[in-house]
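Here is the structure we will look at, set down as structure tokens.
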């Protein structure tokens, strides 16, 4: 694997571990953006946090890193409705600047996260 790909993989892994852990230490901001039509908001926050930590650790283990990357691709797609719900309903989240244009910019950022995780699903023996 090229050195820069390894660096970006480690960066994503650490980010997911930290953000996933925050789901447990400060779940309220995440709970606020779970759409009303979904039940068990706190449970969903904990489940998504657990998956983020697990996938983040998995990215660091070569034998499971591709599966971890696919897990993140699916997770980023699954949590997109929460980001859309936040933007549509102009929900302020503690710890983040509350500026509607920035909230809407999070939506295309989700596509970037999907692409970033997808990059790590590619076979490293191929030219990437």
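Listed values, structure above:
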| read-out | value |
| --- | --- |
| Filter result for the condition that a residue is under 30 Å from residue 122 (Cβ atoms) and under 12 Å from the mean Cα position of the chain (by Cα), over 84, 75, 60 | 75 |
| Counted residues, segment 25-82 - those being loosely packed, with under 14 Cβ neighbours inside 10 Å and either at positive phi or not in a helix (DSSP H, G or I) (or both) | 9 |
| Residues of segment 83-120 satisfying the condition of being in a loop (DSSP other than H, G, I, E, B), at pLDDT 85 or above and either touching a strand residue (DSSP E or B) at 6+ places or on another chain (Cβ under 6 Å) or surrounded by 12 or more Cβ atoms within 10 Å (Cβ to Cβ) (or both) | 89, 91, 92, 120 |
| Residue in segment 60-72 that is out of contact with any helix residue (DSSP H, G or I) (no Cβ under 7 Å at 6 or more places or on another chain) and within 16 Å of residue 19 (Cα to Cα) present | no |
| Per-region count, segment 1-24, residues in a loop (DSSP other than H, G, I, E, B) and surrounded by 12 or more Cβ atoms within 10 Å (Cβ to Cβ) | 1 |
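The values are calculated or read from the model by the stated rules, or taken from the named source; none is laboratory data. Every value quoted in this text rests on a predicted model; they were computed, and no experiment measured them. A quick note on method: Cβ atoms are made from the backbone with ideal geometry, for glycine too, and the neighbour counts reach across all protein chains shown.
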